[in-house]
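Accompanying notes for the structure given below.
The values are calculated or read from the model by the stated rules, or taken from the named source; none is laboratory data. What you see is a predicted model, and the numbers here were worked out from it, not measured in a lab. Neighbour counts run over all protein chains shown; Cβ positions are idealised from the backbone, glycine included.
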Amino acid sequence: MSGRDYLPARPPGRNAGGARHALDRLCSGAYRGGALPSVSVIIPTYNCAAFLDESLGSVLPQVPVDGEVLVVDDGSTDDTARVLARHAARVRVVRTDHGGLAAARNAGLEAARGDWIAFHDADDIALPDRLTFQMAFVERDPNCDGVFANGLRVDEAGRPLSRGEPHVVPAALARACAGRPLTERDVFAGFPVFFQAALLRRSLCRRAGELDTSLRIYPDLEYGYRVIGAGRVMFADRAVFRYRLHATNITRDRLGGREELARILDRIVEHDADMAARIGARRLRVRLARHYRSIARQYWRQGDGPRGDSAISRAVDLRPLDLRYRLTRRLRRPAREPDHTRS
């Protein structure tokens, strides 16, 4: 294996369509002879019956009369169907074979009829004024294509964490992004694009294209880059949901998450020169090389020499004049280092 084995495929293509204003007219017109809902709340779920009832209970009271709630059941095998049956009068259910978070969100976007899309997750809790606040925010600015907001980190029981950063978007990054359009540099700097706190025009989602179903852990991050690049999207430093941390969070797979982060950034380097220039080509390569060195060390610790060698070779390809990566490859000594999977 060589470093070239890590080079990514091209990202999913954006959906075909006309100019931006044409898409906006398409998405705000009549739907099968009737008026469109004002907002579609999309909730993908997979075996989250233990949290789903509370999650729906936090969303349904604040959905406007002309809004809709779509739950995409991604092939659940627990009591999800029974929970959904209790909310049948208020919820439209889309059932799919199990395909992961990105595929479920795509199915929800395909079925949604609202002018605006509010994403939510089945294990999280919307704060009572989430939709009211975000709809008022975008209505104040007719040129706004959407808004991301902040959230509160809670434990499995929904209690605030006793230590660590209380918000999902750390204070320094939230202050830097607040009240202005987000850029790809903001997404690169941290993670201000939690989709559980997103309200986006449906036309913006169409311009951005589908979520990448090959990404299991961080499809939101890759989609965030494309959404930000496709329209004028703001950030509001206000918590609108509770982010529940529990044993089955997919982001707990640190090696898999690190590899997906590297794939996402590698795609930008290899396939999107304009975005790479906006972020900074050197900054991208420096961070990518760090990711690949970490990936290499984790594989070496697991005894998987070929994959580790391939990852460190990619780091050398990215930073050929940086002796650290050449020495790491030569010495091949795995070392424990702090994890920064959001960076």
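Descriptive notes on the structure:
- When every residue of the range 36-49 is checked against the conditions, none turns out to be more than 23 Å from the chain's Cα centre (by Cα), modelled with pLDDT under 50 and not small (G, A, S).
Residue-by-condition table, conditions (1) free of Cβ contacts under 8 Å to residues at least 24 places away in the same chain; (2) among the aliphatic types (A, V, I, L, M):
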site: N47; (1), (2): no, no
site: E54; (1), (2): no, no
site: V63; (1), (2): no, yes
site: V69; (1), (2): no, yes
site: A81; (1), (2): yes, yes
site: V91; (1), (2): no, yes
site: D97; (1), (2): yes, no
site: A111; (1), (2): no, yes
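- Against the test of being over 23 Å from G67 (Cα atoms), assigned by TED's automatic domain parsing to the domain that holds R206 and under 16 Å from the mean Cα position of the chain (by Cα), the options G100, G146, G108 yield a single qualifying residue, G100.
- The residue list R201, R153, R159, R207 contains one member that is loosely packed, with under 15 Cβ neighbours inside 10 Å and more than 15 Å from the chain's Cα centre (by Cα), which is R159.
- Selected residue (only one of R263, R342, R336, R287 is more than 19 Å from Y218 (Cβ to Cβ) and either outside the structural domain of V193 (by TED's automatic domain parsing) or at pLDDT 95 or above (or both)): R336
- Of all residues making up the range 167-211, the number that are within 13 Å of I117 (Cβ to Cβ), assigned to a helix (DSSP H, G or I) and either touching a helix residue (DSSP H, G or I) at 6+ places or on another chain (Cβ under 7 Å) or aromatic (F, W, Y) (or both): 8
- Evaluating L318 against the criteria (1) under 30 Å from G231 (Cβ atoms); (2) at pLDDT 95 or above leaves one unmet condition, (1).
- Cross-chain or 6+ apart pairs with Cβ under 7 Å, the range 135-163 first and without any contact (Cβ under 8 Å) to a residue 40 or more places away in the chain, then surrounded by 14 or more Cβ atoms within 10 Å (Cβ to Cβ): P160/L152; P160/V154; P160/P166
- Considered as a group, the residues in the range 270-284 that are under 18 Å from P320 (Cβ atoms) and not small (G, A, S) include one that is farthest from the chain's Cα centre (by Cα), and that residue is R282.
- The set of residues from the range 258-275 being of a type in the set (G, A, S) and crowded, with 20+ Cβ neighbours inside 10 Å comprises just one member, A262.
- Inter-residue pairs, beta-carbon under 8 Å, first within 20 Å of A126 (Cβ to Cβ) and at pLDDT 90 or above and in the range 235-260, second assigned to a helix (DSSP H, G or I) and acidic (D, E), 6+ apart: F235/D186
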